Each structure stands twice: as C-alpha cells, then as structure tokens.
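A.B. asks: Just dropping this structure here.
The values are calculated or read from the model by the stated rules, or taken from the named source; none is laboratory data. If you're wondering where the values come from, they're calculated on a predicted model, not measured in any experiment. Here the Cβ positions follow ideal geometry from the backbone for every residue, glycine too, while neighbour counts run over all protein chains shown.
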Amino acid sequence: MLSFWEQQELLRADIVVVGGGVLGLWSALECGRRYPQRRILLVERATLPLGASTRNAGFATLGTLGEALAHAQQVGEESVASLMVERWFGLQQWRQEFGDAALGYEPVGGYELLFAGEEHVCEAVEHWNELLREIFPEGLFREVPELARYFPGAPVRSVIANPYDGALNVGKALSALQQRVAQAGVLIWSGTAVEAVEPTSTGVSVVCWESTARRMLPVRAQVVAICTNAWIPELVPQADIRPARAQVLVTAPLAQRPFPAGTYHFHGGFYYFRWLGLRLLLGGGRHRALQEEETHEFALNPALQSHLEEILQQLLAGQEVPVEQRWCGIMGMRPDKLPKVEFVGERLLIGFGCNGMGIALAPRVGGQVATLVGEWLE
C-alpha cells in the first residue's frame, strides 16, 4: 500500500545507482557533480556496505610485478600496463579528493616477497619499468634482496619494492566518501534490497524491498547503473562475474614490528599482509580452494584460516601471537580480470572494475559510469 505522495514524488529518480560500496558511491558522486539538477538515488541493501568495500585489507596498490606477469599472459602486456596506470590515477583521485589524513593514508610502499622458482619476476623488473616509464620515470619496481633478512622463518629469496603503493584506513575512506556523496545531493537508501530492474515504456522500474514495512517500492527512473560487484549477476544474469571470497585475520598487538611497515604480497598476490599499528593483518590463500571460495556466503573457511595461521608463524619466525579477529570479504571476478562498464539493456548499465582492485579503480570506473548515464538523460 502506497500513498499518493509516495507514488507521485518520493518513488522517482532520474538516476538510480544500485550498490553502496566504493564503486557505487564513486559512480553516484560523479553523477551528482555532472548532473546537479537531476534527482539521484543510491540504493544499498545493507546498513553497512557488504561485499568487499568494508571487508578488504586497505591496500592502496597498483598490483605486484608477479601479478602483472601472470595477467599479461592472458590479456597482453599493454592491457595490464594500462590497467596499472588507471589504478595509479584512481588512487591519486582518492588522495586529491579527501587528503591523506581523512583517508588514514600511509605512503608505506609495497613489497613482493619472492621464493624459489620466481626468479623470472626479478628478471622482468627493467622491462616493466620501461613499459611504465612515461608515468613512472624513475622506475616503478626495483629489486631489494637485502630485505629478505626480515623473514628468517620463511624461505624468501628476494623482494621487489614499489615506492608508489600505500595503505589506508578503509573505514575512514568509506565514511569520507559517503559524506561527500551526500553533500553532492545524492539521496541514499540503506537497508533496501533491489529485487528487480524492469524496463517500462518511459524508463526503468527499480523494484525495491523495504524490510521494515515489509513492502515493495517501485522506483521510476530514467537510467539505472548496477554497481554491486559480485552480486551484479543477480540483476544481470548474463554478466560474466563470479564471487571470490577472501579470508582475513588480525593478530593481537606485538611488542614490536619484526619487519618494516608496507603493503606486502607474495605468490602472485594470493597472500597479502600489512601492519595495523602493532597488529598484523594477513589474508589470502584463496587459490588453495578456488571452487569452495566461489560463493556469496559470508563464512569463515576453517581450513584456510588454519593455513593462514601457519603462514603467520613463518612471517613472525615462530613467535606466538594470538589472533584477535577473523572475517571474510567477497570480491567480484571476471575471467579476464579487466573492468567492464557497458550498457546491458536499454537505460540499464553495469559498472564493474574490481577483480580485487576496487579501491584503486573505483574513481575511474565511477567516471565512466557517469559518462554513460548521461547518454540516456532527457
């Protein structure tokens, strides 16, 4: 049951963005700035964004060289180099928009640990530095084998350093972005699930479920952008996006850090760790259970959590430290690991850029979403 006022005025929008994570928020922000006279609504199913936006490790990264080499075998060096540049531009947008203090940003640099059999990564340093020379004239990567001494409990052979990576406080970054979106005049509905998106003769009907009143709310829109990452296929079944769950743990505080601050990766980015003060955050291992972790279920994987504890012992050279927190996040992945922003129907588009790199790419993809949205505004 709807009132006259709800039907006539409150359940309409020129632009509806579905998804309140970083990508949906950046898309809404760009729409708000480009089309300030338009009524823009952002709809998020949870009170706090789920998926990966509030459940990631807070890495502000361009990606490791090992990851780039593996990805280039699939899509080519030029595509991967361009993607790394887009990540860099995206991270700079975050910093320019909000400032480092508001983001809790730390310019700690990134480090890739290399093990036996990964000598080819070291050999590729100069080649990839040359590929990216226009943006990073002093070189993006350099080998620093002397840093391997910080990991006596693990058989680290060498380390690749990247001074352009950093770390941020995910909670601060998301809060700052939400506030900026509201300041741009975007209306935000939290705790509202979009059940269907249906074309009409005059636009698009976005069917929302309001759990408090237990009723459906049909919102009339001119154009709709679906930015729900791993959940895009629920509304756009043909989208080639699959969920990828990631396991994370955080230790109790240590007396001191046995290795420097930084964003650390190894084994092609499948493992990652960083300091949160004197606590160590460690995540990954998904490649050991790829089918099992291709799920939308928010649950801990006991086997992978146990495996992460074993990795933790190696990183801390056997030092016993309690684990204080455990959680999982759910990313979206495409087969080619490239972003996709495109129309999937009349007045309906998807904005996807994550593949584990949502923080870096969200500002760039949000801009692309806003550009396409403008094609259907009357």
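A.B. asks: Suppose we filter Leu348, Leu316, Leu372 for residues that are more than 22 Å from the chain's Cα centre (by Cα), outside the structural domain of Thr263 (by TED's automatic domain parsing) and in contact (Cβ under 8 Å) with a residue 12 or more places away in the chain; which single one remains?
C.D. replies: Just one listed residue meets the conditions, Leu348.
A.B. asks: Kindly provide the set of residues from segment 7-59 that are in contact (Cβ under 8 Å) with a residue 12 or more places away in the chain and among the charged types (D, E, K, R), ordered by number.
C.D. replies: Those that are in contact (Cβ under 8 Å) with a residue 12 or more places away in the chain and among the charged types (D, E, K, R): Arg12, Asp14, Glu30, Arg33, Arg34, Arg38, Arg39, Glu44, Arg45, Arg55.
A.B. asks: On to the next question. Among the residues of segment 22-81, write down those that are hydroxyl-bearing (Ser, Thr, Tyr), in contact with a strand residue (DSSP E or B) (Cβ under 6 Å, 6 or more places away or on another chain) and in the same structural domain as Gly191 (by TED's automatic domain parsing). I'd like the intermediate steps shown before the answer.
C.D. replies: First, pick out the residues of segment 22-81 that are hydroxyl-bearing (Ser, Thr, Tyr): 27, 35, 47, 53-54, 61, 64, 79.
Remaining after also requiring in contact with a strand residue (DSSP E or B) (Cβ under 6 Å, 6 or more places away or on another chain): 27, 61, 64.
Hit for segment 22-81 is Ser27, nothing else.
A.B. asks: Can you confirm whether Arg142 is free of Cβ contacts under 8 Å to residues at least 24 places away in the same chain, closer than 21 Å to Ala70 by Cβ and among the basic types (Lys, Arg)? Steps first, answer last, please.
C.D. replies: Numbers: free of Cβ contacts under 8 Å to residues at least 24 places away in the same chain: yes; closer than 21 Å to Ala70 by Cβ: yes; among the basic types (Lys, Arg): yes.
Taking the combined requirement at face value, the residue satisfies it.
A.B. asks: Kindly check whether there is at least one residue in segment 215-225 that is on the phi < 0 side of the Ramachandran plot, more than 20 Å from the chain's Cα centre (by Cα) and without any contact (Cβ under 8 Å) to a residue 12 or more places away in the chain. Talk me through it step by step, then tell me what you get.
C.D. replies: Of the residues in segment 215-225, the ones on the phi < 0 side of the Ramachandran plot are 215-225.
Okay, now just the ones that are also more than 20 Å from the chain's Cα centre (by Cα), so 215-224.
From what's left, without any contact (Cβ under 8 Å) to a residue 12 or more places away in the chain: none.
No: zero hits.
A.B. asks: Which count do you get for residues in segment 350-371 that are in a helix (DSSP H, G or I) and within 16 Å of Pro49 (Cα to Cα)?
C.D. replies: So the answer is 3.
A.B. asks: Looking only at segment 265-289, how many residues end up being assigned to a loop (DSSP other than H, G, I, E, B) and either surrounded by 20 or more Cβ atoms within 10 Å (Cβ to Cβ) or touching a residue at least 24 places away in the same chain (Cβ under 8 Å) (or both)? Please lay out each step first, then the result.
C.D. replies: Narrowing segment 265-289 to residues assigned to a loop (DSSP other than H, G, I, E, B): 267-270, 277-278, 285.
From what's left, either surrounded by 20 or more Cβ atoms within 10 Å (Cβ to Cβ) or touching a residue at least 24 places away in the same chain (Cβ under 8 Å) (or both): 267-269, 277-278, 285.
Matching residues across segment 265-289 total 6.
A.B. asks: Quick one: count up the residues across segment 180-202 that are modelled with pLDDT of 95 or more, over 24 Å from the mean Cα position of the chain (by Cα) and assigned to a loop (DSSP other than H, G, I, E, B).
C.D. replies: Residues that pass the stated criteria total 1.
A.B. asks: Oh, and also: Can you tell me which residue among Leu10, Leu65 is under 28 Å from Asn169 (Cα atoms) and of a type in the set (A, V, I, L, M, F, W, C)?
C.D. replies: One residue alone meets the criteria, Leu65.
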